[in-house]
Amino acid sequence: MSRKVIHRANTRGHANHGWLNSYHSFSFASYYNPERMGFGLLRVLNDDTVAPGMGFGAHPHDNMEIVSIPLAGALAHKDSTGNEKTIRTNEVQIMSAGTGIVHSEYNYSKTDQVKFLQIWVFPKERGIKPRYDQKSFKPEDRQNKLQTVVSPEKDNGAIWINQDAWFTLGSLKPGFAEEYKLHDAAHGVYAFVLEGEVEIDGEKLSKRDGMEITDADSFTIKADADAELLLMEVPMK
């Protein structure tokens, strides 16, 4: 029997710094909840909105896989390995901090907000050489189906992560129904509803709700309305 824990959108941590409005699914910065220290090897899921022209100044990371998924607008990135890039909607960025990297992230636009998800996953192999990658994904390839955007498999069209983790996006229409099969029964899945409403194994979830799913080989996803869904499958230890 699968185990499910629902995190409603309004129970997340919240910090509004003016230039940054951030919601935290798990403990982060000034938000501390001992019952939400992460989900398996998924440590951070931040839902960030950054004001025009503002951003995060240069700061260090090490031994963490950091995934950024823009939801609206464009995010400018610069790091100590020489990468200077901009990521936009329908793109996914990953940074393997490895032995250590310093980076900054800014809203590329001087007029519009940027909204993006910042996701941290503990790495499979520690101490690797820092690495950066980004990839564009066709939105039509997730229309009423599930599109893998992050994977530990290097040649399957997704962006590679230094962990046995799979991230999947879906833009779902009313009537959509599909079974998600886990790559490993010892893994768990954190489902996060970006827009609309979905039903997962009979549990109804709305915009920005999250749900932990463990002890499952598979689960069913249904959409009764237009919905955008992110699934993050990760090892639990």
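Could you say whether any residue in region 26-49 is under 24 Å from Ser96 (Cα atoms) and among the acidic types (Asp, Glu)? Checked region 26-49: at least one residue is under 24 Å from Ser96 (Cα atoms) and among the acidic types (Asp, Glu).
Reported count of residues in region 152-170, each being modelled with pLDDT under 95 and either buried (at least 18 other Cβ atoms within 10 Å of the Cβ) or not in a loop (DSSP other than H, G, I, E, B) (or both), is 0. Can we say Ile94 is surrounded by fewer than 16 Cβ atoms within 10 Å (Cβ to Cβ), closer than 21 Å to Phe167 by Cα and either without any contact (Cβ under 8 Å) to a residue 24 or more places away in the chain or among the hydrophobic types (A, V, I, L, M, F, W, C) (or both)? It is false that Ile94 is surrounded by fewer than 16 Cβ atoms within 10 Å (Cβ to Cβ), closer than 21 Å to Phe167 by Cα and either without any contact (Cβ under 8 Å) to a residue 24 or more places away in the chain or among the hydrophobic types (A, V, I, L, M, F, W, C) (or both).
Annotation: of all residues in region 62-86 being farther than 25 Å from Phe192 by Cα, in contact with a strand residue (DSSP E or B) (Cβ under 8 Å, 6 or more places away or on another chain) and not charged (D, E, K, R), the one that is surrounded by the most Cβ atoms within 10 Å (Cβ to Cβ) is Asn83. Out of curiosity, is Gln147 in contact with a helix residue (DSSP H, G or I) (Cβ under 8 Å, 6 or more places away or on another chain) and assigned to a strand (DSSP E or B)? Yes. On the stretch given as region 67-97, residues that are closer than 26 Å to Leu231 by Cβ and among the small types (Gly, Ala, Ser) total 6.
Scanning region 112-134 for residues that are in a strand (DSSP E or B) and basic (Lys, Arg) turns up at least one hit. Suppose we filter region 187-204 for residues that are farther than 20 Å from Gln143 by Cβ and under 20 Å from the mean Cα position of the chain (by Cα); how many remain? Final tally of qualifying residues: 4. Counting the residues of region 102-151 that are of a type in the set (Val, Ile, Thr), under 20 Å from the mean Cα position of the chain (by Cα) and either modelled with pLDDT under 95 or in the same structural domain as Ile66 (by TED's automatic domain parsing) (or both) gives 3. Scanning region 38-61 for residues that are more than 16 Å from the chain's Cα centre (by Cα) and not β-branched (Val, Ile, Thr) returns Ala51, Pro52, Gly53, Met54, Gly55, Phe56, Gly57, Ala58, His59, Pro60, His61. Exactly one residue among Gly175, Gly170, Gly127 is small (Gly, Ala, Ser), under 20 Å from Ser25 (Cβ atoms) and in contact (Cβ under 8 Å) with a residue 24 or more places away in the chain, and that residue is Gly170. Within region 40-51, is there a residue that is among the acidic types (Asp, Glu), surrounded by 20 or more Cβ atoms within 10 Å (Cβ to Cβ) and touching a residue at least 24 places away in the same chain (Cβ under 8 Å)? Scanning region 40-51, I find at least one residue that is among the acidic types (Asp, Glu), surrounded by 20 or more Cβ atoms within 10 Å (Cβ to Cβ) and touching a residue at least 24 places away in the same chain (Cβ under 8 Å), so the answer is yes. Put simply, of Lys173, Lys110, Lys204 the only residue that is touching a Pro at 6+ places or on another chain (Cβ under 6 Å) and exposed (fewer than 15 other Cβ atoms within 10 Å of the Cβ) is Lys110.
For region 190-224, the candidate set comprises residues that are of a type in the set (Ser, Thr, Tyr) and assigned to a strand (DSSP E or B); within that set, the residue that is nearest to Leu71 (Cα to Cα) is Tyr190.
The values are calculated or read from the model by the stated rules, or taken from the named source; none is laboratory data. Remember, it's a predicted structure, so these values are computed and weren't measured experimentally. Neighbour counts are summed over all protein chains in view; Cβ atoms, including those assigned to glycine, are modelled from backbone coordinates with ideal geometry.
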